[in-house]
Amino acid sequence: MMDLKNSALFQQQAFINGEFVDATSMETFPVINPFSKEVIAQMANCGASDTKTSIEKAQEALIVWSSFTGTKRGKILRRWFDLQLEHAKDLAKILTIEQGKPFPEALGEIKYGASYVEWFAEEARRAYGDYIPGPQNNRHIIVMKQPVGVVAAITPWNFPSAMITRKVAPALAAGCTVVIKPSELTPLSANALAVLANEAGIPPGVFNIITTKDAPEVGLEMCNNKTVRKLSFTGSTAVGKILLKQSADTVKKVSLELGGNAPFIVFEDADIDKAVAGAMQSKFRNAGQTCICSNRLFVQEGIYDAFVKKFAEASKNQTIGNGLERGVTIGPMIEEKAVASVEMLVADAQEKGAEIVTGGSRYGDGDSLIYSPTILTNVNENMKIFGEEIFGPVAPVYKFKTEEEVIGLANDTDYGLAAYFYGKDHAKIWRVAEKLEYGMIGINAIDIGTAIAPFGGIKESGIGREGSKYGIEEFMEMKYLSWDVSE
Ligand code: ADP
């Protein structure tokens, strides 16, 4: 079914304390290829007790792992990074088969995910503290950074590999140990990373994976368990809010990377071709299923028609199909529920007057999970599509007149993850960048995800940042020493 160079990367059990094991219940659950709809694996279906065990193992492993110097941890992480690149094609194949994204995109994700491991392998030895001049003579104030402890991480299906490395690399660099619950839809990529973590020399118990289809049960144990000192989650805002509430009783440190409602603004002085290319990438990557995908395109009236024409031409040029086939640029959506949600948003917009320029329906037979790349015009703020995360290949293009108006529209949302705008006037660029209420702003650029910059959102898009020199801070506590050195 899947031709891998290293078939050992394909693992269907949970990974606890350095070993692949069945769930204590011996139950399993299927993983489905969203393109062919075939069952590709039967995974161990872990429950609360398996989760508890792995947290205990992570706590035991913490003693050893946190005692290693940053340099030593960095060297091991570096080996893990090298192995990810060495096995990149196999990892990408596994990813495409369980998730559906085109193979070149999957390969891009593997390299992107690995870049976080490379970055934090280097940062491991730079977890600097501070020396603060004392308030009296003979008083030294020292701030040291220490690992927060056992980390629980819950990750989504849209980036089954990179969302794991983005959390695990800084956690391990800081000296923490982790228990990960990958999405029930894409657990195979997580397990493949575990195989390589083991091979890289990450000690047993430092990196654990709880595969399960019972996410609420496992999530509750992670939140209630006092040993877990940090919860890092990427997923929907709705689930993020549940986890934040559940983490209150044990007062955990929490990082949340949640939904977005990204505006993509094109001003009249923009380079239209560059903006169209950016819109294509930022809207249709992963069939529109990323939290930083453009959700609302705002185009200034003088160039509106020209932009829509070019954008429609480009979006008709996509090759739709099986992500493993050469040349395919748009694959299936993850599951039926996802397609149904996009259909509902498009129907609502149409009822309220939206016009379909291209696309507007499922691709192929009625059963397919592929939704055609779609462009909508004549859209407005009263449509559901304005306020909800589309998470599919549908681009509503709104018309605006003034800078002030578009900033108001762009900020009119509870989300605050990514925003993009295109224009040339530097004074305007500063003004707009300052006023947009978002954690990340692409200016004449959409490729904002990189290990060297802080990824994350404000408002209901989240708490905390991943990547950059700030990313490791999320996994450390500050301890300050006040030392009277007088005789
Ligand atoms: P998406 O909309 O991207 O599927 P979800 O928030 O539903 O986002 O899923 C992201 C991750 O959260 C997945 O690993 C999923 O299994 C997990 N999840 C969903 N519901 C819960 C819950 N109640 N508690 C813990 N984890 C959950």
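A few points about this structure:
- Separation of the alpha carbons by more than 30 angstrom is noted, of K435/K479; K101/K274; K111/K428; K316/K469; K89/K424; K101/K145, for K435/K479; K111/K428; K316/K469; K89/K424; K101/K145.
- Listed residues Y415, Y398 arranged by accessible area, highest first, probe 1.4 Å: Y415, Y398
- Burial order of peptide ranges 169-178, 126-135 (average beta-carbon count within 10 Å, highest first): 169-178, 126-135
- Using the 1.4 Å probe convention, the accessible area of the range 313-422 works out to 43 Å² per residue with neighbouring protein chains retained.
- Overall Cα dimensions of the range 425-487 - principal axes, largest extent first, Å: 64, 24, 23
- Note on T402/E487: beta-carbon distance plugged into 1/(1 + (r/R0)^6) with R0 of 60 Å gives a FRET efficiency of 0.30.
- In this label model, I458 and H426 are separated by 2.4 nm, measuring between points 7 Å along each Cα→Cβ vector.
- Extension gain for the segment D305 to D273, taken as residue separation times 0.36 nm less the Cα-Cα distance, is 10.2 nm to one decimal.
- Those lysines that a straight Cα-Cα span of less than 21 Å connects to K52, excepting residues fewer than 8 apart in one chain: K167, K181, K213, K226, K230, K245, K252, K253
- Heavy-atom accessible surface of the chain: percent carbon and sulfur, 1.4 Å: 51
- The calculated FRET efficiency for the pair E199 and R126, based on their C-beta separation and a Förster distance of 25 Å, comes to about 0.45.
- Nearby aspartates and glutamates by direct alpha-carbon distance to K309 (threshold 17 angstrom, same-chain neighbours under 8 apart not counted): E268, D271, D273, E301, E355
- Solvent-accessible surface (1.4 Å probe) assigned to R362 amounts to roughly 40 Å².
- Here each label is just a point 7 Å from Cα along the line to Cβ, and for K89 and S25 those points are 3.9 nm apart.
- When all protein chains stay in place and ligands, DNA and RNA are ignored, the 1.4 Å accessible-area order of I40, I320, largest first, is I320, I40.
- Rough spin-label spacing in nm, given labels placed 7 Å along Cα→Cβ, for A445 and K337: 3.6
- Rule-of-thumb Rg ratio for the range 112-265 [Cα; 2.2 N^0.38 Å; N residues]: 1.17
- Among 378-388, 158-168, 102-112, the order from most to least packed when residues are scored by Cβ within 10 Å on average: 158-168, 102-112, 378-388
- Per-peptide average of other Cβ atoms within 10 Å, ordering 204-217, 78-91 highest first: 204-217, 78-91
The values are calculated or read from the model by the stated rules, or taken from the named source; none is laboratory data. These numbers were taken from a predicted model, which means no experiment stands behind them. Neighbour counts run over all protein chains shown; Cβ positions are idealised from the backbone, glycine included. In case anyone asks, the SASA skips ligands and DNA or RNA and just uses the protein heavy atoms, side chains included. Shrake-Rupley method; radii C 1.70, N 1.55, O 1.52, S 1.80 Å.
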